[in-house]
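To start, the structure itself, in structure tokens.
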Amino acid sequence: EEYLWAITDQYLPSNMRLHIAAYERGIQERDIEAKNWVVPIRIKESLRDEDAIAQGTRHARATGVLQERMLDNLDLYLFMSEKEVAIVAFPFTDGRFDYFGFSSTDDQAHTWCREIFEHYWEHAYPRLKLAEELFWWIKKEPVIMHVFKQLASGETVVQNEVISVLEEKFLIKGGQLTILGDHVYHRLLNS
């Protein structure tokens, strides 16, 4: 009824319409994502520009209903509202998350998760601000911008030095654009 807070390395396409409905009811959402998350193609395909989900998400961002921040790495997976902790999960030793996790309506568990979320929120970087800074950085570097656009369009690139720089900036991972890279790329297309 009031808010949804998430620390996540993925989104389920099947939940997107529920998020849009929540935005329309004025539910505030705060998301913390990993900078190096590569959005799976099935999610990208479900978020076409003309799609109501993409439009609803853009509107929620523009009105401040949806706020997004980013961290270099995530060591916690969390979805919670003012009523309950829907899931809190931790990584296995190999870094993948145990998505079974824990849920609770207990006040102590809720307070603990709220405090952890607020801690991470304070240390996370606003996604749009970070994307804008990287957009201006890449605009000043024609060689890097050329390689970045080649990667974004699916071309094979062999300039290892440039690829390393793009990975260090969390714009690509494994030759694919990260969620941050997607934002920068779309900003480049619209400039």
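The values are calculated or read from the model by the stated rules, or taken from the named source; none is laboratory data. Note that the structure is predicted; figures quoted are calculated from it, not measured. We place every Cβ from the backbone using ideal geometry, glycine too, and count neighbours over all the protein chains shown. Areas reflect the complete protein model, heavy atoms only, side chains present, ligands, DNA and RNA absent. Shrake-Rupley method; radii C 1.70, N 1.55, O 1.52, S 1.80 Å.
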Checklist entry - How many residues are crowded, with 16+ Cβ neighbours inside 10 Å and either small (Gly, Ala, Ser) or touching a strand residue (DSSP E or B) at 6+ places or on another chain (Cβ under 9 Å) (or both) if we restrict to segment 126-166? => result 8
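Can you pull out the helices (runs of 4 or more DSSP H) entirely within segment 1-106 that have at least 3 residues that are at pLDDT 85 or above?
Numbers: elements: 16-24, 41-46, 52-63.
Helices (runs of 4 or more DSSP H) meeting the threshold: 16-24, 52-63.
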Next on the checklist: Restricting to segment 153-176, and then to whatever is of a type in the set (A, V, I, L, M) and in a helix (DSSP H, G or I), can you tell me which residue is nearest to ALA34 (Cα to Cα)?
Outcome noted: LEU166
Item to check | Extreme residue, most open to solvent (accessible area, probe 1.4 Å), among residues of segment 61-89 that are small (Gly, Ala, Ser) and more than 16 Å from TYR3 (Cβ to Cβ) | outcome: ALA62
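Residue under question is HIS119, and the condition is that it be open to solvent by 80 Å² or more (accessible area, probe 1.4 Å) and either assigned to a loop (DSSP other than H, G, I, E, B) or modelled with pLDDT of 95 or more (or both); does it hold?
Details: open to solvent by 80 Å² or more (accessible area, probe 1.4 Å): yes; either assigned to a loop (DSSP other than H, G, I, E, B) or modelled with pLDDT of 95 or more (or both): yes.
It is true that HIS119 is open to solvent by 80 Å² or more (accessible area, probe 1.4 Å) and either assigned to a loop (DSSP other than H, G, I, E, B) or modelled with pLDDT of 95 or more (or both).
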Checklist entry - Has segment 116-124 got any residue that is small (Gly, Ala, Ser), in contact with a strand residue (DSSP E or B) (Cβ under 8 Å, 6 or more places away or on another chain) and in contact (Cβ under 8 Å) with a residue 24 or more places away in the chain? => result yes
Next on the checklist: Given (1) in contact with an Asp or Glu (Cβ under 8 Å, 6 or more places away or on another chain); (2) surrounded by 15 or more Cβ atoms within 10 Å (Cβ to Cβ); (3) of a type outside the set (A, V, I, L, M); (4) closer than 26 Å to GLU167 by Cβ, identify the lone condition not met by PHE92.
Outcome noted: (2)
